[in-house]
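Chemist: Could you have a look at this structure, given as structure tokens, before my questions?
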Amino acid sequence: MDGQSRKHRILMVSDFFFPNFGGVESHIYYLSQCLLKLGHKVVVMTHAYGKRSGVRYVTGGLKVYYVPWRPFLMQNTLPTLFMTFPIIRTILIRERISVVHGHQAFSTLCHEALMHARTMGYKVVFTDHSLYGFADVGSIHMNKVLQFTLADIDQAICVSHTSKENTVLRSGISPDKVFMVPNAVDTAMFTPSNRLSCDEIIIVVISRLVYRKGADLLVEVIPEVCRLFPKVRFIVGGDGPKRVRLEEMREKFSLQDRVEMLGAVPHAQVRSVLISGHIFLNSSLTEAFCIAILEAASCGLLTVSTRVGGVPEVLPDDMIVLAEPDPEDMVRAVRQAIDILPGIDPQIMHRRMKKLYSWDDVAKRTEIVYDRAMQSSNTNLLDHLPRYLTCGAWAGKLFCLVMIINYLAWCLLEFLQPAEGIEEVPDIGSLHIHSDSVDDQWKRKEIELFCNHCGMDHVGGRDA
């Protein structure tokens with residue numbers, strides 16, 4: 001079977017997925033939906049969210065395993081190395097997976113799943129969604145973990161050219177193994193409203209209010225813009241530890257009537273906030289690829305953003321005004337955006353976004369990456385152990401030891417529960433069928449089997 005007609009069985013793995021919202025979560029969801037439409041089988045594995053534990057089906061028949069591991073820090077599970085192996089092995093065998101696709105460098109579950117999949121001989125792909133530094137303690141440790149994960153990866157994906165350079169430098173992976181596949185936006189969901197009057201200019205900010213997203217820059221930029229432009233008003237959506245600083249700024253400069261703080265905005269309501277404004281302001285200090293900018297442009301907003309990471313690659317020059325991450329230069333960029341605002345047509349901008357970005361295109365490009373991964377040579381443990389030795393004088397030996405222990409753990413699991421004794425899940429069709437159909441009966445059965453195996457409460461049914 002040639003690469004054009006091969007259908008893959010893909011397991012998407014990350015600590016970040018619905019009902020949590022963010023760039024990684026949106027990427028996994030939309031990519032999975034489009035891969036399903038192309039005829040591939042896609043299954044998502046993430047950790048439990050509150051009472052959401054077990055097997056769930058979401059829109060389009062996408063199957064999600066919420067494994068019974070609770071988040072430890074920033075939605076990440078506690079690193080255990082080997083404790084997740086039994087559940088991951090069971091899912092891989094039950095679903096007859098051919099490609100394991102991990103997402104996000106600081107997802108613990110992603111790193112562990114890729115390690116276990118390589119031990120079992122599966123093809124593995126990794127997508128990096130963020131940029132990291134090289135000097136601070138956190139980045140040094142994260143880069144070493146990434147070096148371990150990518151030492152024996154089949155293919156990697158980055159969401160921008162800047163992100164690709166960053167990942168290659170941090171991990172030492174060959175650039176030939178790294179593809180650049182950008183994010184996209186659901187233009188059917190993010191549509192513009194009627195053209196707004198420019199009598200009052202509304203600048204929208206929707207972001208997590210944390211240091212990395214430039215919340216401290218906003219504290220200095222907003223008062224100065226309000227002083228220079230009496231007809232400008234701000235709407236700030238998002239929550240985080242820096243929200244207190246923004247509230248204090250609003251009180252200090254008496255801007256309660258000009259700066260509206262919305263708090264956390266559910267993803268379903270993001271469009272309604274965006275279409276109430278004229279300009280979208282992004283103040284990130286680091287960004288591999290900002291999906292929020294795409295969503296704003298699709299709604300017809302002119303964007304003002306810091307010139308960091310992969311942001312300059314996202315939009316054409318006439319749709320975005322870039323500035324250095326400096327308060328004075330950002331105020332200059334806002335002034336420039338206000339001057340050119342009368343010439344912006346939201347409907348034209350939306351039509352351009354439909355041509356520039358499509359999740360269907362992202363899925364087709366990801367298909368090529370999967371095909372390339374399937375063509376890579378099969379090697380046993382002894383063949384790929386030397387790859388880990390290149391990770392450092394001491395780290396390389398430690399990584400080799402970890403992989404040897406993982407291999408022995410796999411042998412033990414095969415002895416205690418042979419793969420032949422794990423029931424495989426039959427392929428089932430669309431969920432849009434009568435509840436007492438054969439497919440639904442199979443769904444109920446597989447949910448019970450998996451949850452009984454893992455000791456979880458099984459909660460079947462569908463989520464929108």
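The values are calculated or read from the model by the stated rules, or taken from the named source; none is laboratory data. Quantities reported herein were computed from a predicted structural model and do not represent experimental measurements. When we count neighbours, we look across all protein chains shown, and the Cβ atoms used for this are built from the backbone with ideal geometry, even at glycine. For the accessible areas, the whole protein counts, side chains as well, though only heavy atoms, and no ligand, DNA or RNA atoms are used. Shrake-Rupley method; radii C 1.70, N 1.55, O 1.52, S 1.80 Å.
Chemist: For region 1-53, enumerate the residues that are at pLDDT 90 or above, among the aromatic types (Phe, Trp, Tyr) and touching an Asp or Glu at 6+ places or on another chain (Cβ under 9 Å).
Modeler: Those that are at pLDDT 90 or above, among the aromatic types (Phe, Trp, Tyr) and touching an Asp or Glu at 6+ places or on another chain (Cβ under 9 Å): 16, 17, 30.
Chemist: Hey, among the residues in region 248-286 that are among the hydroxyl-bearing types (Ser, Thr, Tyr) and more than 26 Å from the chain's Cα centre (by Cα), which one's nearest to residue 344 (Cα to Cα)?
Modeler: Applying the filter and picking the extreme gives 276.
Chemist: For residue 151, indicate whether it is open to solvent by 10 Å² or more (accessible area, probe 1.4 Å) and within 27 Å of residue 73 (Cα to Cα).
Modeler: Yes; evaluated as a whole, the condition is true for this residue.
Chemist: For region 184-209, how many residues meet the condition of being open to solvent by less than 60 Å² (accessible area, probe 1.4 Å) and without any contact (Cβ under 8 Å) to a residue 40 or more places away in the chain?
Modeler: Qualifying residue count for the region: 1.
Chemist: In region 278-317, how many are farther than 19 Å from residue 352 by Cα and touching a His at 6+ places or on another chain (Cβ under 8 Å)?
Modeler: 2
Chemist: Among the candidates 303, 366, which residue alone is at pLDDT 95 or above, in the same structural domain as residue 177 (by the TED database), touching a helix residue (DSSP H, G or I) at 6+ places or on another chain (Cβ under 9 Å) and of a type outside the set (A, V, I, L, M, F, W, C)?
Modeler: Just one listed residue meets the conditions, 366.
Chemist: Taking region 105-129, which residues are open to solvent by less than 10 Å² (accessible area, probe 1.4 Å) and either of a type in the set (Ser, Thr, Tyr) or at positive phi (or both)?
Modeler: Selection gives 107, 127.
Chemist: What single numbered condition from (1) within 30 Å of residue 112 (Cα to Cα); (2) outside any helix (DSSP H, G or I); (3) aromatic (Phe, Trp, Tyr) fails to hold for residue 190?
Modeler: Every condition holds for residue 190 apart from (1).
Chemist: Give the residue that is surrounded by the most Cβ atoms within 10 Å (Cβ to Cβ), with candidates limited to residues of region 342-374 that are over 26 Å from the mean Cα position of the chain (by Cα) and touching a residue at least 40 places away in the same chain (Cβ under 8 Å).
Modeler: Here the answer is 346.
Chemist: Still on this structure, I have one more. Just checking, does region 256-277 include any residue being surrounded by 22 or more Cβ atoms within 10 Å (Cβ to Cβ), within 17 Å of residue 353 (Cα to Cα) and either at pLDDT 95 or above or not polar (S, T, N, Q) (or both)?
Modeler: Yes, region 256-277 contains a residue that is surrounded by 22 or more Cβ atoms within 10 Å (Cβ to Cβ), within 17 Å of residue 353 (Cα to Cα) and either at pLDDT 95 or above or not polar (S, T, N, Q) (or both).
Chemist: Exactly one condition in (1) touching a residue at least 60 places away in the same chain (Cβ under 8 Å); (2) open to solvent by 30 Å² or more (accessible area, probe 1.4 Å) is not met by residue 290; state its number.
Modeler: Residue 290 satisfies all of (1) touching a residue at least 60 places away in the same chain (Cβ under 8 Å); (2) open to solvent by 30 Å² or more (accessible area, probe 1.4 Å) except (2).
Chemist: Can I ask one more? How about region 11-96: which strands (runs of 3 or more DSSP E) wholly inside it have at least 3 residues that are within 19 Å of the chain's Cα centre (by Cα) and buried (at least 21 other Cβ atoms within 10 Å of the Cβ)?
Modeler: So the answer is 41-47, 62-67.
Chemist: Within region 223-234, track down each residue that is aliphatic (A, V, I, L, M) and crowded, with 19+ Cβ neighbours inside 10 Å.
Modeler: Hits for region 223-234 are 225, 232.
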